[in-house]
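> First, the structure itself, so that you have it in front of you.
The values are calculated or read from the model by the stated rules, or taken from the named source; none is laboratory data. Keep in mind the model is a prediction, meaning the values are calculated, not measured. Keep in mind that these areas ignore ligands, DNA and RNA; they rest on the heavy atoms of the full protein, side chains included. Shrake-Rupley method; radii C 1.70, N 1.55, O 1.52, S 1.80 Å.
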Amino acid sequence: MSQTLFEKIIAREISADIVYEDNLVLAFRDINPQAPTHVLVIPKKPIPRISEAEESDQEVLGHLLLKARLVAKELGLAKNGFRLVINNGYDGGESVPHLHCHILGGRALSWPPG
Ligand code: 5GP
């Protein structure tokens, strides 16, 4: 299997503006930000999308959410709020087949999404 774009970012084969890293997850700024702050948090394990996660991924998925919370706080988003988004599959708008949680903040976000 060829590496996804995000696996190449984990391996430092493609550069990214990394804001957080530990043994399970990596967080970096989105190359095409949709809000003043737009960060992607990804598991280092190459889970393609949330619909393909397994029961055994419980720890990494819980960790991903807790670290999204930490990164949002450290980037100053906790007071005014922020949005976490996981796009899944074609209708969900997923474009990179490596699970990622968007952190969007720094402006008021509309609802519902387009
Ligand atoms: P999706 O549409 O799959 O939910 O989100 C994928 C995200 O990856 C998009 O917001 C897109 O801007 C971002 N992205 C695509 N290529 C790169 C890249 O090379 N570097 C970074 N930092 N983000 C990327």
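> Given a 1.4 angstrom probe, what's the average accessible area per residue across the chain, in square angstrom?
Accessible surface, normalised per residue, equals 62 Å².
> Of the cross-linked pairs LYS44/LYS73; LYS8/LYS79; LYS45/LYS79, which ones have a Cα-Cα span greater than 26 Å in the structure shown?
LYS8/LYS79; LYS45/LYS79
> Multiply the residue gap between ASN80 and GLU54 by 0.36 nm, knock off their C-alpha separation, and tell me the result in nm, one decimal place.
Additional length available on full extension: 6.0 nm.
> Leaving ligands, DNA and RNA out of it, report the carbon-plus-sulfur percent of the accessible area of the range 5-105 at a 1.4 Å probe.
Reported share for carbon and sulfur atoms: 51 percent.
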